[in-house]
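First up is the structure itself, then whatever we jot down about it.
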Number of protein chains: 2
Amino acid sequence: MKVLCIGFGNVARSLARLLIKEPSRSRFLPGLDLQFVGVTSASRGSLENAQGLDLSRALQEIEESGRFQGKNPDFSKLNSLEAVQQLDYDVLIELSTLNLNNKGKPALTYMRTALERGKHCVTANKGPIAFAYQELASLARKNHSRLLFESTVMDGAPVFNMARTALKGCRVVAVEGILNSTGNYVLTQIEQGTSFDEAILKARQGGFAEADPSHDLEGWDAAAKISILARVLMDAEITPTEVSRKGFSTLDLNEISQTVSAGTRVKMVARARIDSGKVLAEVGPEHFPINHPFATVDGTGNILRIETDLMCPLTIRQESPSVKDTAYGVLNDLIELGAGG
Amino acid sequence: MKVLCIGFGNVARSLARLLIKEPSRSRFLPGLDLQFVGVTSASRGSLENAQGLDLSRALQEIEESGRFQGKNPDFSKLNSLEAVQQLDYDVLIELSTLNLNNKGKPALTYMRTALERGKHCVTANKGPIAFAYQELASLARKNHSRLLFESTVMDGAPVFNMARTALKGCRVVAVEGILNSTGNYVLTQIEQGTSFDEAILKARQGGFAEADPSHDLEGWDAAAKISILARVLMDAEITPTEVSRKGFSTLDLNEISQTVSAGTRVKMVARARIDSGKVLAEVGPEHFPINHPFATVDGTGNILRIETDLMCPLTIRQESPSVKDTAYGVLNDLIELGAGG
């Protein structure tokens with residue numbers, strides 16, 4: 001399978017390490033043979049090689065100098081859009097940075113272009129799915145290609161792969177969860193007596209908070225994820241900006257440590273439910289008794305509860321996910337493509 | 001798809017109701033068309049009709065008189081083994097009663113026979129999978145048929161469908177869970193001040209305890225389930241009798257209510273892990289702090305935690321499952337067969 005990868009940040013590098021570290025790739029699936037024919041990025045340069053580029057060298061160059069080197073025989077002058085339009089590949093892996101302001105573009109444009117060319121798309125980028133899942137899914141059907149995005153919600157935890165195979169015939173009527181790792185980590189730290197600023201600093205040091213953490217803390221990340229869940233599992237057309245959103249700025253941080261001594265926990269919960277035939281979505285703080293499953297989710301953990309019309313409620317919980325889990329989710333989607341042909 | 005169903009107890013009847021209540025079966029999958037060509041039972045008589053038997057009438061006869069009637073035009077003199085050997089069907093649904101003493105027989109014999117004839121097998125019966133998964137899986141491969149058993153562990157909750165699609169490439173290194181609903185219900189009742197005998201009575205009235213509850217309370221059900229998990233997810237050849245097992249008879253019931261006031265919970269946990277290259281499995285009581293995910297599982301709830309070498313630990317939790325969930329798991333397996341061709 002020929003792969004074009006857009007973006008070479010943490011997730012792409014973690015994926016590359018996973019593939020290089022397992023030289024017997026056949027471990028992942030009999031017959032899964034991945035060949036990277038292109039890697040492009042907005043600021044690190046691009047690589048291309050129709051016979052398969054040298055992934056180890058790509059990784060080494062980025063780790064040593066932060067960008068691909070002109071003397072690399074795979075070096076390319078193509079930008080991402082040109083690569084998506086011109087290269088010969090089977091699957092586009094879209095791992096560029098989420099851009100909510102531009103409603104998922106330019107990633108959305110790359111994916112539209114790839115699907116129109118009949119290429120499969122795998123993405124960990126929330127934007128295109130949160131803003132345009134139905135359009136992309138329809139494009140994929142029309143062009144006999146597949147659209148997979150396991151890592152957009154709860155990293156590699158099986159949300160969509162699971163729903164696709166194990167919830168067939170069910171109608172999802174509600175989803176709710178703790179979906180933002182950074183926010184939950186900061187809440188857990190504050191409960192333990194750490195100051196807000198110190199908690200942010202620790203989150204940055206741990207590699208799970210951006211320089212500007214407001215995207216996570218004001219609920220935008222969770223809003224994008226609940227939009228994806230509402231679109232994919234409940235066929236709602238809702239965008240992150242339409243999600244009712246209350247972030248950390250609405251919280252009384254002193255109250256949080258008090259709630260702990262009172263035996264409750266404050267958690268940032270994302271929720272989508274059907275109200276009078278319409279899907280409503282919201283993100284905001286909620287109080288839970290200490291013996292509630294959501295109250296037991298500490299640190300960077302995530303949890304998702306799914307209600308359907310046929311089964312009893314089902315909950316998936318993930319402990320301390322890292323970028324390796326996101327990379328594994330992408331790999332699992334690639335394996336799914338390899339198996340499905 | 002022509003279906004032969006062995007057993008017409010609670011699960012089979014719940015499945016029949018699910019199919020009859022949804023006359024537009026196409027809801028479950030475009031093109032899934034189920035035709036019951038045979039239903040056999042050990043004590044309720046049998047039915048057969050190569051053109052598809054009348055499932056509503058079958059259900060009505062059992063509900064009204066506890067057995068199929070001789071005047072039913074579908075009435076048959078075939079016993080289960082004869083039906084498995086002689087009828088023309090695509091998939092065997094094995095729903096007879098679990099028999100651990102006979103190491104999964106006679107269900108195991110029915111499934112061997114069906115697989116050897118190249119028929120698919122779907123089962124909610126733990127015995128054949130707990131004693132002979134590897135043999136049956138190998139028979140299925142050899143005969144180009146499929147073996148599915150989602151409902152054997154955690155009713156219809158997606159354990160195996162999920163693992164098959166979403167844990168590809170991972171090696172499972174440990175599983176642990178609360179897998180027996182009756183036992184957990186009785187523990188929760190005792191914690192709330194109900195006596196042991198009263199708790200058993202309430203469990204029977206709720207329909208989730210047998211006349212002789214020792215199969216559940218002495219850990220045999222959980223031992224069968226952990227054997228299945230160890231076999232399927234960790235490729236161990238372990239039988240329920242080889243599982244180290246401590247049941248309710250090893251518990252000090254007075255202690256249970258005391259642990260609640262001390263802020264902990266006693267739970268019956270089934271566990272399989274790799275120790276010096278060998279898979280070890282055990283079932284027994286364990287204490288958990290009140291904020292542990294396992295401590296939050298009340299009543300008939302179930303939980304399963306899976307550790308792999310590639311992903312962070314993953315937990316699946318199911319609230320208040322009923323026989324309808326078991327039936328849904330069987331239906332999901334049938335949908336999977338319908339999709340896979």
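The values are calculated or read from the model by the stated rules, or taken from the named source; none is laboratory data. Here the structure is a predicted model, which is why all the values come from computation and not from measurement. Positions of Cβ are generated from backbone atoms using ideal geometry, with glycine treated the same way; all protein chains shown enter the neighbour counts. Heads up: the accessible areas ignore ligands, DNA and RNA and are worked out on the full protein's heavy atoms, side chains in. Shrake-Rupley method; radii C 1.70, N 1.55, O 1.52, S 1.80 Å.
Go ahead and estimate [θ] at 222 nm for chain A from helices alone: -39,500 (n - 2.57) per DSSP H run with n ≥ 4, summed, over the residue count, rounded to 500.
Taking each H run of at least 4 residues, the total per residue is -11500 deg cm²/dmol.
On the accessible surface of chain B, probed at 1.4 Å, how many percent belong to carbon and sulfur atoms? Numbers along the way, then the final one.
On the way: 6170 of 13410 Å².
Its accessible area is 46 percent carbon and sulfur atoms.
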Build a GNM of chain A with springs between Cα atoms under 10 Å: which of A:Leu19, A:Leu136, A:Leu187 gets the top mean-square fluctuation?
A:Leu19
Three principal axis extents, largest first, for the C-alpha atoms of region B:172-318, in Å?
43, 33, 25
May I ask you to list the residues of region B:110-150 whose amide nitrogen lies under 15 Å from a point 7 Å from Cα along the Cα→beta-carbon direction of B:Gln85?
B:110-117
Ordered by number, the residues of region A:161-185 with at least 40 Å² less accessible area in the assembly than alone (1.4 Å probe) are A:Thr165, A:Ala166, A:Lys168, A:Gly169
Just to check I understand the Karplus step: with θ = phi - 60° and J = 6.51 cos²θ - 1.76 cosθ + 1.60, what whole-Hz values come out for region A:317-334, glycine and proline as x?
10, 10, 9, 6, x, 10, 4, 5, 5, 4, 4, 5, x, 5, 4, 4, 5, 5
If the elastic network links every pair of Cα atoms under 10 Å, which of A:Gly193, A:Gly127, A:Gly38 fluctuates the most in the Gaussian network model of chain A?
A:Gly193
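Taking a probe of 1.4 Å, how large is the accessible area per residue of the protein assembly as shown, in Å²? Walk me through the numbers before you get to the answer.
Working: 26800 Å² over 682 residues.
Accessible area per residue: 39 Å².
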Inter-site label distance for B:Arg171 and A:Glu135 at 7 Å from Cα along Cβ, in nm:
4.5
Gap separating the Cα centres of region B:275-324 and region A:180-229, nearest whole Å:
28
What are the label-to-label distances in nm, one decimal and shortest first, from B:Ser65 to the same spot in the other copies, with labels 7 Å along Cα to Cβ?
8.8
What are the label-to-label distances in nm, one decimal and shortest first, from A:Lys278 to the same spot in the other copies, with labels 7 Å along Cα to Cβ?
6.4
So the label point goes 7 Å from the Cα of A:Leu280 along Cα→C-beta, right? Which residues of region A:246-261 then have their backbone N under 19 Å from it?
A:246-247
Region B:304-311 - phi-based ³J(HN,Hα) in whole Hz, Karplus 6.51/-1.76/1.60, Gly and Pro as x:
9, 10, 10, 10, 10, 7, 10, 10
Global form of chain A, assessed from the alpha-carbon gyration tensor, a/c cut-off 1.5
prolate
Taking springs between alpha-carbon atoms closer than 10 angstrom, which of B:Leu229, B:Leu55, B:Leu95 fluctuates most in the Gaussian network model of chain B?
B:Leu55
Using a Debye calculation, one point per C-alpha and no hydration shell, please list log10 I(q)/I(0) for region B:276-341 at q = 0.13 Å⁻¹ in order.
-0.63
Could you give the length gained by full extension between B:Glu210 and B:Asp54, i.e. 0.36 nm per residue of separation minus their alpha carbon distance, to one decimal place?
53.2 nm
Distance cut-off 27 Å, Cα to Cα: go down the list B:Lys105/B:Lys246; B:Lys202/B:Lys246; A:Lys278/B:Lys168; A:Lys126/A:Lys168; A:Lys267/A:Lys324 and report the pairs above it.
A:Lys278/B:Lys168
Charge tally for neighbours of B:Pro313 with beta carbon under 15 Å away, counting Lys, Arg as +1 and Asp, Glu as -1, is 0
Taking the Cα centre of region A:1-137 as origin and charging only Cβ (+1 Lys, Arg; -1 Asp, Glu), how large is the dipole, in debye to the nearest 20?
280
From the phi of every residue in region B:118-128, what ³J(HN,Hα) in whole Hz does the Karplus formula 6.51 cos²θ - 1.76 cosθ + 1.60 yield, where θ is phi - 60° and glycine or proline is x?
x, 8, 6, 10, 10, 9, 10, 8, 5, x, x
Here the whole-number average of other chain Cβ atoms within 10 Å per Cβ of A:304-314 is 5
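Determine the shielding of peptide A:325-333 by partner chains: average, over its residues, the number of Cβ atoms on other chains within 10 angstrom of each Cβ. Walk me through the intermediate numbers first.
Details: counts 4, 0, 1, 9, 2, 0, 4, 8, 1.
Across A:325-333, the average partner-chain Cβ count within 10 Å equals 3.
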Can you tell me the dipole magnitude for the protein assembly as shown around its Cα centre, using point charges on the Cβ only (Lys, Arg +1; Asp, Glu -1), in Debye to the nearest 20?
1480
Ignoring ligands and nucleic acids, chains B and A bury, in total, an accessible area (1.4 Å probe) to the nearest 100 Å² of about 3800
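Can you give the mean number of other chain Cβ atoms that lie within 10 Å of the Cβ atoms in peptide B:281-290? Walk me through the intermediate numbers first.
Numbers: counts 0, 0, 0, 0, 0, 0, 0, 0, 1, 6.
That works out to 1 on average.
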If each part is reduced to its alpha-carbon centroid, region A:123-149 and region B:85-162 end up apart, in Å, by 37
Shortest-first nm distances, B:Glu255 label point to equivalent points in other copies (7 Å, Cα→Cβ)
4.2
Set the Förster distance to 60 Å, then compute FRET efficiency between A:Asn102 and B:Ser257 from the Cβ-Cβ distance, nearest 0.05.
0.55
What residues qualify as long-range amide H neighbours of B:Gly301, i.e. H under 5 Å apart, gap of 5 or more or another chain, H built at 1.01 Å from N?
B:Ser320
Please give me the summed charge of the neighbours of A:Phe131: other residues whose Cβ is under 14 Å from its Cβ, Lys and Arg +1, Asp and Glu -1.
+2
What is the ratio of the Cα radius of gyration of the protein assembly as shown to 2.2 N^0.38 Å, with N the residue count, to two decimals?
1.00
